[in-house]
Amino acid sequence: MLARHLRAEEPSLFPSGPWDDVPDAELPTPPLREGLGRASLKVSTRVPLAQAYFDQGLRLLHLGWGTEARRSFAEAARQDPELAMAYWGLALTRGPGARYAADRAETIARALALSEGATDAEQRYIVAATFLADKGPANGRHGFVREMEALIERFPEDAEARLLLAGFLSDGYEADGRPAAGQPYAQALLRELLRTHPHHEGVHYAWAQVMVDSARPEAALESARRLRLLAPRVGTALLGAGRLLLRTGHLREAREVLEAAVATEDAWRAQESLPETGAPVAGLALRLLTLACAEAGRYGEAQSWARRLRSRVESVTPHATQGLVFAASTLSSLHVRFGFWLAAADARVDLGDEGSPAERGLLSGMEVYARGLRALEAGKLAEAERACDELDALHPPLSEERKAEGRTLCPRDVARVVELAACELRGALESRQGDTARAEATLIKAGRLERRLRAAGPMPFSRAARETLARARLRSGREDKAVELAEALVKERPGSGHARFLLAEVHVARGAFTEAAQAFASFLECWSEADPHLPELRRARIFLGSNAGQPRVVESASC
């Protein structure tokens, strides 16, 4: 999707990617590959290889793999130096921000200079792109949209133009769940494309990306499944499919697709003789695999994925401190999810004299938060209060740091994660102290902070805020509000055994034993492949055994 290439880059295990600083003309020639999809746009060239490489670049542009798209467009330009649209592609894939502004401007100027002999449609593509290359996606937004709309009106059969516009307009969702300005427009364009071009890999990828954070992610379930068939050798496409499957609760399928994403990228990296730092997808896929296993109660397997993530980082010389911190936060959040506070506190790394303020702040937050949870569980409320104060003092300086550029971990993202942990811990403490009203307000704030986190940022190392809020409501005797929240969590995360277990416990607390039996049975179905030693399984079986005479119906759990 075009938005992925033009807006702020997402932090990753390794801040620099392959060929970031290599000029377009010096990029190594990629092979023409199968398994990347079938998108095609006829351009003004008499060189078959130039057309082939242009089409490959277009497919990868649609599928969010900017690095490889750029290489393909560069090769198209080498094959036919007069091909204006090759430079159009290079301008769109060069990378966001001020760092490459001069390169983008120079490339789009070359495209304009060559466009005189191109078709009317190609000229319109290039003119639209000048607004983005010269002014950036924010200032050039209006001009780009207007030019693309004129192109679509003139050539209504051009699916690529509609898809590029939809990809640019995909603005996501605000913290309260409302769609951002361009989101409904993008969805309307994509719905029509799904009808007219049901076999277009870029359409299915864009639809999955647009719907994954919506209130109806299941609307893109079929697209996620088709991506594995349409673009089996594109790691970004498999990653997008895996994320959608995870969001809709199809955890087994999600794990299979995410494992395929890692394997696909590793095969590509081996073919290109690139080091671990050349893998843009594997790091995030491994983090999502850890999360998928955690939701299914597969604690041991989740640890193995988190450790595999760390081993990838440690294999790089010199060590990538950002990758080490990401790996540590993934493992720490896993331990917290299952209530192993001591293990969470030990999931640290030694950065030595290296490490940015953001990296050090994230590690400090993890350690302090885990220490606070241990104190809270032990009833040492004064010690838990000190941990809250430490977290409160940690995040304001981070939020005042300069915003990071490129794929570097942003201090402001870390500040949000630490602030969330501080709110969740303090809300739990206030609930334990009996300050019901204050705990409710604090945990509602934590829930809002949680929704504002960027999906690709550092993994939050705190417990789910609304799960803590449900337990706080139980503690204060507000069982009806607690069950309402627990049911909402199950609906939002249908594959989460943790959410189903919480719902069962809430029903037990309110004395609704038939409903509790149904929820426990549904939980056991969801955790049918979970590690057998987990205490939640024992609790559910004991309850069901002691209520064997109660009639119950097992819900379907998509795990």
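The values are calculated or read from the model by the stated rules, or taken from the named source; none is laboratory data. On a predicted model such as this, the values are computed, not experimentally measured, just so you know. A quick note on method: Cβ atoms are made from the backbone with ideal geometry, for glycine too, and the neighbour counts reach across all protein chains shown.
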Unmet requirement for residue 93, which otherwise passes all of (1) buried (at least 21 other Cβ atoms within 10 Å of the Cβ); (2) free of Cβ contacts under 8 Å to residues at least 60 places away in the same chain: (2)
Between residues in the range 384-397 that are over 10 Å from residue 369 (Cα atoms) and residues that are polar (S, T, N, Q), which pairs lie under 8 Å by C-beta distance while being six or more apart or on different chains? 394/364
Using the structure shown, decide if residue 199 is under 23 Å from residue 55 (Cα atoms) and touching a residue at least 40 places away in the same chain (Cβ under 8 Å). yes
Hey, could you check the range 80-99 for residues that are farther than 12 Å from residue 132 by Cβ and part of a helix (DSSP H, G or I) and say which is modelled with the lowest pLDDT? 98
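Over 23 Å from residue 140 (Cα atoms) and at pLDDT below 95, is that true of residue 117?
yes
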The helices (runs of 4 or more DSSP H) lying wholly within the range 444-544 that contain at least 2 residues that are of a type in the set (Asp, Glu) and buried (at least 22 other Cβ atoms within 10 Å of the Cβ) are none
Could you list, in sequence order, the residues of the range 115-149 that are part of a helix (DSSP H, G or I), over 33 Å from the mean Cα position of the chain (by Cα) and among the small types (Gly, Ala, Ser)? 115, 117, 121
Sort through 446, 465 and tell me the only one that's at pLDDT 95 or above, closer than 30 Å to residue 321 by Cβ, touching a Cys at 6+ places or on another chain (Cβ under 6 Å) and of a type in the set (A, V, I, L, M, F, W, C). 446
Odd one out for residue 253 among (1) more than 29 Å from residue 15 (Cα to Cα); (2) over 18 Å from the mean Cα position of the chain (by Cα): (2)
Run down 255, 269, 225 and say which single residue is basic (Lys, Arg), at pLDDT below 95 and assigned to a helix (DSSP H, G or I). 269
Out of all the residues in the range 72-113, which are within 30 Å of the chain's Cα centre (by Cα) and either under 18 Å from residue 202 (Cβ atoms) or not assigned by TED's automatic domain parsing to the domain that holds residue 46 (or both)? 72, 73, 88, 89, 92, 93
Residue check for residue 108: under 20 Å from residue 69 (Cβ atoms), touching a Leu at 6+ places or on another chain (Cβ under 8 Å) and not small (Gly, Ala, Ser): no
Quick check: is even one residue across the range 372-379 buried (at least 23 other Cβ atoms within 10 Å of the Cβ), farther than 20 Å from residue 356 by Cβ and not small (Gly, Ala, Ser)? yes
State whether one or more residues within the range 411-421 are modelled with pLDDT of 95 or more, among the acidic types (Asp, Glu) and assigned to a helix (DSSP H, G or I). yes
So which residues in the range 355-383 are part of a loop (DSSP other than H, G, I, E, B), under 27 Å from the mean Cα position of the chain (by Cα) and free of Cβ contacts under 8 Å to residues at least 40 places away in the same chain, if there are any at all? 355
Just to be sure before I move on: is residue 428 part of a helix (DSSP H, G or I), of a type in the set (A, V, I, L, M), over 22 Å from the mean Cα position of the chain (by Cα) and within 19 Å of residue 336 (Cα to Cα) in the structure I sent? yes
